[in-house]
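Peer 1: Before we start, here is the structure in question, set down as structure tokens.
The values are calculated or read from the model by the stated rules, or taken from the named source; none is laboratory data. In this text the structure is predicted, and so the values were computed from the model without any measurement. No Cβ is skipped: glycine too gets one built from the backbone with ideal geometry, and neighbour counts run over all protein chains shown. Each accessible area value is taken on the protein alone, full model and side chains, heavy atoms only, with ligands, DNA and RNA left out. Shrake-Rupley method; radii C 1.70, N 1.55, O 1.52, S 1.80 Å.
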4 protein chains.
Amino acid sequence: MSSGAQARGGAAPIRVGIVGGAGYTGGELIRILLRHPHVTLTAIHSRSNAGQPLYKVHTDLLGDTDLVFTDVLPTEVDVLFLCMGHGESKKFMEATPPAPQVRIIDLSQDYRLDEKGVRALIGGKPIVYGLPEYQREAIKKAAHVANPGCFATAIQLGLLPLAKEGWLEEAYTTGITGSTGAGQSLQATTQFSWRADNVSAYKTLTHQHLREVRQTLKALNPLVEPPVHFVPWRGNFTRGIFVSSTVTCAAPLKDIQEAYRRYYEGHPFTHVSSEPIDLKQVIQTNKCLIQLEQAGDKLVVHSAIDNLLKGASGQAVQNMNLMFGLEEKAGLDLKAGSF
Amino acid sequence: MSSGAQARGGAAPIRVGIVGGAGYTGGELIRILLRHPHVTLTAIHSRSNAGQPLYKVHTDLLGDTDLVFTDVLPTEVDVLFLCMGHGESKKFMEATPPAPQVRIIDLSQDYRLDEKGVRALIGGKPIVYGLPEYQREAIKKAAHVANPGCFATAIQLGLLPLAKEGWLEEAYTTGITGSTGAGQSLQATTQFSWRADNVSAYKTLTHQHLREVRQTLKALNPLVEPPVHFVPWRGNFTRGIFVSSTVTCAAPLKDIQEAYRRYYEGHPFTHVSSEPIDLKQVIQTNKCLIQLEQAGDKLVVHSAIDNLLKGASGQAVQNMNLMFGLEEKAGLDLKAGSF
Amino acid sequence: MSSGAQARGGAAPIRVGIVGGAGYTGGELIRILLRHPHVTLTAIHSRSNAGQPLYKVHTDLLGDTDLVFTDVLPTEVDVLFLCMGHGESKKFMEATPPAPQVRIIDLSQDYRLDEKGVRALIGGKPIVYGLPEYQREAIKKAAHVANPGCFATAIQLGLLPLAKEGWLEEAYTTGITGSTGAGQSLQATTQFSWRADNVSAYKTLTHQHLREVRQTLKALNPLVEPPVHFVPWRGNFTRGIFVSSTVTCAAPLKDIQEAYRRYYEGHPFTHVSSEPIDLKQVIQTNKCLIQLEQAGDKLVVHSAIDNLLKGASGQAVQNMNLMFGLEEKAGLDLKAGSF
Amino acid sequence: MSSGAQARGGAAPIRVGIVGGAGYTGGELIRILLRHPHVTLTAIHSRSNAGQPLYKVHTDLLGDTDLVFTDVLPTEVDVLFLCMGHGESKKFMEATPPAPQVRIIDLSQDYRLDEKGVRALIGGKPIVYGLPEYQREAIKKAAHVANPGCFATAIQLGLLPLAKEGWLEEAYTTGITGSTGAGQSLQATTQFSWRADNVSAYKTLTHQHLREVRQTLKALNPLVEPPVHFVPWRGNFTRGIFVSSTVTCAAPLKDIQEAYRRYYEGHPFTHVSSEPIDLKQVIQTNKCLIQLEQAGDKLVVHSAIDNLLKGASGQAVQNMNLMFGLEEKAGLDLKAGSF
């Protein structure tokens, strides 16, 4: 039973609450945090499953923990992860404002976007957009964090160094996502009989994650706002996002690769590969792998993440680690699925 | 045993030979032609399997036919399908020139490209590029046909109407293909343990099918040669190709859809869908489905085919039908796999 | 548009109605019958989709037919296929008794079992259990047919020759089924995220199809009633059933194989393979393949079918062919999916 | 870089060598041991990859370690894992006998079976069959361990409590395995195009793991030797084994469940579930889950493991932990894959 936690240099373990613990991202958070060396899982909230052991919902937890879901809102916690549907987080924060010392990490899209250039607030404190490779220092000092979207993470990690160098004018991006990206609700497009061996496009050129991407790219370079034309596909696998962005960039490939390596130096989860990458290299890990290819003045950037880890719950824990001054990789040095 | 054939209005059945009948495209040809109403399968050539019943190699044929592979080159045939590896067809034609009355349909890439604007010849007669939606009339009169590549088929069917209207300047294209596209040889990237649940890119911006696409687009409009920037992906399914091309086109979507409908009118296998399409709609069929979406001045064209049928053996039979004056759909009205 | 039909030796085409045409088995029936040489699809009934083109529900039919669903009950038909949920067929027959000349082929389980040794009736006429390899002659004369269950078909075809020879005492059977066997309703166990890469057991030792199997085995040999201990598994594929039955049978393997070949001689869809079989040999076909292996006095019988074809809609059309004096394979010589 | 190791209560880390580190089980061992708190990976031997970084072969290790393969045989180690092909371990031990203090954990089948009731020896010391749930105390004292087969593990864990109670007379067992069980060599049955969506049987009634199962069952009760009739299937997934054994056992289910719970009490990885189990509950973990169902006097035992973890490399580390007096779960509290 590893739901307790070891001391962190004598400090008390961080008390964690999760709201919406019965969904896919909630479950993945629980799996990580049960094994996190500096955390105590204090309360897993789920109205519909209150009183049930966690393993009745997340059945792989059988033998891992005897914790049960609760419908009492967690108060005696240091940090609260919000794993509810989009739109629910804001309502929840308004209905039950957190105590001043409680930090919020929100996995929904509710707080990701500035309104008219102004950050959203929770309890009077700004909520920082939590992409560590973009603004790690801001996250370290943040009271609250808005965890990025999964596609937004993969696309941004593929484009950030280009944007920083001023080499990004426009991107043509295609991405494919696993079924867990669609969440747990029963839909025609999440049926096995439909999705197996199938590929399809959705939200062509209009995916909501583009707004996050645009906001970051604009912040990096207020003068230009490079458009990203994004075609998202549904893939016939459960986990993962693979993205290829084609851009015009005549700089020598060597220089571009060097710029990427420089940008990601010291970032423990994002790596530039000199070999071809594939999706399964990152599955079950918090990594992002990036590969660069060039022909003439066209550059293609491939990036791959696990949508539930670097694209959601893993990045949320990475943000928690940063906010609480822990080692960035604590609890996140996960064995790759590998097959 | 349907390996014989019904008369076609009293005419004798077409005698068909296949060279390289043990591979994936050879097998698919056999499956189609065994059920084709106007064909007799005269000889299935395979040096390595000579003397073996077809069902020892294509095991699903058990109960369908007692035909055996032969290593005697077929001569008493009306048409010869070449299903060998790339580079092998040309060698084979040079080593064993066909009798003057034998028509050749080549599924390799050996004869697809003009050399310096001049069509390749077999036995002194030009070999026509066999994309019926591009030049059906030429195919009808052709002595020989070079069957298009699978990705080349999907990309061209997605772009031809645009090019014809003069609306195509440049295309950013991503496509994903099933494992059968890689053929039967044992490779690391065709291993189940590697490919299952995986996605990866290959031949980024350099796929050999781009040459066919370029040749067609140039022929449609000699003044411009719209570049196609193509990122091919390997998918974790066995059959099918799904392609999305993003282009700049400010014409009203309605007009574009109308142009596509007009272009494909009378073509029995290619259809424009007003609903979202998915890959499985076309699997096990000879169809190509196309869907158009627009945001601002960006247009996305989705196209989907079965790589072994419309992308290879099905289109080869469609070409045979045209060359021999049969109904274009003869033997090709296949039940969709549907799941 | 092949929804019309060719004459059958001058006879008028068979007019077919389908009730419950929006489900998986209904869709598969439509796909087959649109291409059946002796059939006219007269009416496809679906209350919830009335007025919609078929391809709005069965999207692969785009380009195949312009037929629409109707909510008017088909009357001017020669045969009515019932593709409704279990329990619905009986209610439907009672609420809207068919005209005397209309033949019924029911794909539900409602009429499969005798009650106290007496066959169920529709309109005063007995409804025959439609497993052609068991009682083809009775089906030819039947007014109505109850189409067997998918697992029941695979298990019986594996055991019938043994039972007939008096060699069957008891069978230990495991079978695995594709997701389409669970129908179209949205369930946790039909979600892609759950079912992909997963295997699980259900209805262990209690599957309802055992009743059909038992009824047939008892009819073959009234003195003994060999128990079948059956463990059904859910597989991570959409189509197909693979069954292995282990029995005690000390007869020489050669004699057993001979008995199987004798039994299935003249049955066009069921074949005994001397090579190892695999599921994909039969997918997208109406075949059943059988393989026999022996070690000591234990015999293992493997059998494989496509659950939607030989296990449902294909067998239903096979029964129709027999009832109407057509060739047994008419419309059912389907190209295997092969991959 | 976690390839170093934390002290274990002040003790020096265990120095580990791996022979055959480029295969599937070798890679999985590396992934586990890189994160094991009490281990230093000293040498990863692979003749064909010597000099290459590990991540060139196990590409998911990019960013995890800079270790390289060596072709120098590891000598300065405390324990040597042998991950070579069947037959290779024995040859290797004979050609290069280990130093007296080096412990051997062999993942091949070379040392699993007694010869005429006598345990095999390495360097004069017996090599113990390493199934902890069967003989944990013997493993703790063992110099060397022969790691069980994957199917053998799943079958034995399903049957051991029955055998111990004297309730096991005979078992009819079906099991399905992922593609990684077939290893890394390129074969027709490991091709994606063949294996996707496919099921097939192999080694029917003759699988080599039956010998291990038989040896254990006989040791538990020398008077009877309950036969296990085993039908192995190949599944279309990469990881995992799901087994269902049907036995005759008229004891009340409650008593049987109680006997299982008693048997596995204190074993940290094997759990009896009162709910239906499915394969994915155990994937990416070292667990075995067991479920019991009864109808009349027939009992069905379902068991599920990850073939590369509890069925190979995970169990090998579990054995190492026991041999070196570490906590049994050290390095093995792995996050489930969950999807």
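Peer 1: Sort out which residues of region C:183-203 are surrounded by fewer than 19 Cβ atoms within 10 Å (Cβ to Cβ) and of a type in the set (A, V, I, L, M, F, W, C), and write them in order of number.
Peer 2: Those that are surrounded by fewer than 19 Cβ atoms within 10 Å (Cβ to Cβ) and of a type in the set (A, V, I, L, M, F, W, C): C:LEU186, C:ALA188.
Peer 1: Of the conditions (1) within 30 Å of C:GLU328 (Cβ to Cβ); (2) part of a loop (DSSP other than H, G, I, E, B); (3) more than 11 Å from every other protein chain (Cβ to nearest Cβ), B:GLU76 fails just one. Which one is it?
Peer 2: (1)
Peer 1: Right, another one. Has region D:266-275 got at least one residue that is of a type in the set (S, T, N, Q), under 15 Å from the mean Cα position of the chain (by Cα) and at the interface with another protein chain (Cβ under 9 Å from one of its Cβ atoms)?
Peer 2: Yes; the residues of region D:266-275 include at least one that is of a type in the set (S, T, N, Q), under 15 Å from the mean Cα position of the chain (by Cα) and at the interface with another protein chain (Cβ under 9 Å from one of its Cβ atoms).
Peer 1: Let me ask you something else. Of all residues being out of contact with any Asp or Glu (no Cβ under 8 Å at 6 or more places or on another chain) and among the basic types (Lys, Arg) in region D:110-133, which is nearest to D:CYS150 (Cα to Cα)? Just the residue, please.
Peer 2: D:ARG119
Peer 1: Looking only at residues in region B:15-30 that are among the aliphatic types (A, V, I, L, M) and not in a helix (DSSP H, G or I), which one is surrounded by the most Cβ atoms within 10 Å (Cβ to Cβ)?
Peer 2: Filtering region B:15-30 for residues that are among the aliphatic types (A, V, I, L, M) and not in a helix (DSSP H, G or I), the one surrounded by the most Cβ atoms within 10 Å (Cβ to Cβ) comes out as B:ILE18.
Peer 1: Somewhere in region D:323-337, is a residue under 21 Å from A:HIS58 (Cβ atoms), acidic (Asp, Glu), surrounded by fewer than 21 Cβ atoms within 10 Å (Cβ to Cβ) and within 12 Å of chain A (Cβ to nearest Cβ)?
Peer 2: So far as region D:323-337 goes, yes, one or more of its residues are under 21 Å from A:HIS58 (Cβ atoms), acidic (Asp, Glu), surrounded by fewer than 21 Cβ atoms within 10 Å (Cβ to Cβ) and within 12 Å of chain A (Cβ to nearest Cβ).
Peer 1: Every residue in region D:276-306 that is within 11 Å of chain C (Cβ to nearest Cβ), surrounded by 19 or more Cβ atoms within 10 Å (Cβ to Cβ) and charged (D, E, K, R), please.
Peer 2: Within region D:276-306, D:ASP278, D:LYS280, D:GLU293, D:LYS298 meet the criteria.
Peer 1: So B:GLU212 fits all but one of (1) within 14 Å of chain A (Cβ to nearest Cβ); (2) in a helix (DSSP H, G or I); what number is the exception?
Peer 2: So the condition that B:GLU212 fails would be (1).
Peer 1: Then there's this: Out of all the residues in region A:125-153, which are of a type outside the set (Ser, Thr, Tyr) and assigned to a helix (DSSP H, G or I)?
Peer 2: Result: A:PRO132, A:GLU133, A:GLN135, A:ARG136, A:GLU137, A:ALA138, A:ILE139, A:LYS140, A:LYS141, A:CYS150, A:PHE151, A:ALA152.
Peer 1: Also, quick follow-up: Please find, within region A:175-206, the residue that is farthest from B:SER338 (Cα to Cα) out of those that are assigned to a helix (DSSP H, G or I) and aromatic (Phe, Trp, Tyr).
Peer 2: Filtering first and then ranking leaves A:PHE192.
Peer 1: Test A:ARG8 against the criterion of being away from every other protein chain (no Cβ under 14 Å), out of contact with any Asp or Glu (no Cβ under 7 Å at 6 or more places or on another chain) and either modelled with pLDDT of 95 or more or on the phi < 0 side of the Ramachandran plot (or both), and give yes or no.
Peer 2: Against the criterion (away from every other protein chain (no Cβ under 14 Å), out of contact with any Asp or Glu (no Cβ under 7 Å at 6 or more places or on another chain) and either modelled with pLDDT of 95 or more or on the phi < 0 side of the Ramachandran plot (or both)), A:ARG8 qualifies.
Peer 1: So which residues in region B:233-280 are in a strand (DSSP E or B) and within 23 Å of B:GLU137 (Cβ to Cβ), if there are any at all?
Peer 2: Scanning region B:233-280 gives B:THR270, B:HIS271, B:VAL272.
Peer 1: Taking only pairs six or more apart or across chains, which ones have beta-carbon atoms under 8 Å, a first residue in region A:319-339 that is part of a helix (DSSP H, G or I), and a second residue that is open to solvent by 10 Å² or more (accessible area, probe 1.4 Å) and aromatic (Phe, Trp, Tyr)?
Peer 2: none
Peer 1: Same structure again: Assess whether A:THR206 counts as being facing another protein chain (nearest Cβ under 9 Å) and buried (at least 22 other Cβ atoms within 10 Å of the Cβ).
Peer 2: Against the criterion (facing another protein chain (nearest Cβ under 9 Å) and buried (at least 22 other Cβ atoms within 10 Å of the Cβ)), A:THR206 does not qualify.
Peer 1: Another one. Determine the pairs where a residue that is at the interface with chain C (Cβ under 8 Å from one of its Cβ atoms), located within region B:18-37, has a partner that is surrounded by 24 or more Cβ atoms within 10 Å (Cβ to Cβ) and assigned to a loop (DSSP other than H, G, I, E, B) with Cβ atoms under 6 Å apart, the partner being 6 or more residues away or on another chain.
Peer 2: From residues that are at the interface with chain C (Cβ under 8 Å from one of its Cβ atoms), the pairs are B:GLY27/B:HIS58; B:GLU28/B:LEU308.
Peer 1: Would you point out the residue of region A:155-194, among those that are within 9 Å of chain B (Cβ to nearest Cβ) and more than 20 Å from the chain's Cα centre (by Cα), that is nearest to A:ALA312 (Cα to Cα)?
Peer 2: Looking at the filtered set, the residue picked out is A:THR189.
Peer 1: Just checking, how many residues over region A:79-106 are under 25 Å from A:TYR55 (Cβ atoms) and either among the basic types (Lys, Arg) or open to solvent by less than 70 Å² (accessible area, probe 1.4 Å) (or both)?
Peer 2: Summing the residues that are under 25 Å from A:TYR55 (Cβ atoms) and either among the basic types (Lys, Arg) or open to solvent by less than 70 Å² (accessible area, probe 1.4 Å) (or both) in region A:79-106 gives 8.
Peer 1: I would also like to ask the following. Only one residue in A:SER313, A:SER273 is out of contact with any helix residue (DSSP H, G or I) (no Cβ under 7 Å at 6 or more places or on another chain) and of a type in the set (Ser, Thr, Tyr). Which one?
Peer 2: Answer to the check: A:SER273.
Peer 1: Further question: Which of the residues spanning region B:50-69 are without any contact (Cβ under 8 Å) to a residue 60 or more places away in the chain and either touching a Pro at 6+ places or on another chain (Cβ under 7 Å) or surrounded by 19 or more Cβ atoms within 10 Å (Cβ to Cβ) (or both)?
Peer 2: B:LEU54, B:TYR55, B:VAL57, B:HIS58, B:THR59, B:ASP60, B:LEU61, B:LEU62, B:GLY63, B:VAL68, B:PHE69
Peer 1: Do we find that B:ILE122 is aliphatic (A, V, I, L, M), without any contact (Cβ under 8 Å) to a residue 40 or more places away in the chain and more than 13 Å from chain A (Cβ to nearest Cβ) in this structure?
Peer 2: In short, yes.
Peer 1: Let me spell it out: the conditions are (1) in contact with a helix residue (DSSP H, G or I) (Cβ under 7 Å, 6 or more places away or on another chain); (2) in contact (Cβ under 8 Å) with a residue 40 or more places away in the chain, and B:VAL199 meets all of them except one. Which number is the exception?
Peer 2: The number of the failed condition is (2).
Peer 1: Name, by its number, the condition in (1) in contact with a strand residue (DSSP E or B) (Cβ under 8 Å, 6 or more places away or on another chain); (2) open to solvent by 10 Å² or more (accessible area, probe 1.4 Å) that does not hold for B:LEU217.
Peer 2: Here B:LEU217 clears every test but (2).
Peer 1: Scan region C:154-174 residue by residue and report those that are in a helix (DSSP H, G or I) and among the polar types (S, T, N, Q).
Peer 2: Scanning region C:154-174 gives a single hit, C:GLN156.
Peer 1: Across region D:202-216, what is the number of residues that are at positive phi and among the charged types (D, E, K, R)?
Peer 2: 1
Peer 1: Please enumerate the residues belonging to region C:281-300 that are part of a strand (DSSP E or B), aliphatic (A, V, I, L, M) and touching a Cys at 6+ places or on another chain (Cβ under 9 Å).
Peer 2: Passing the criteria: only C:LEU299.
Peer 1: Let me ask you something else. Would you check which residues across region C:302-339 are within 15 Å of the chain's Cα centre (by Cα) and among the basic types (Lys, Arg) and list them?
Peer 2: Scanning region C:302-339 gives C:LYS310, C:LYS329.
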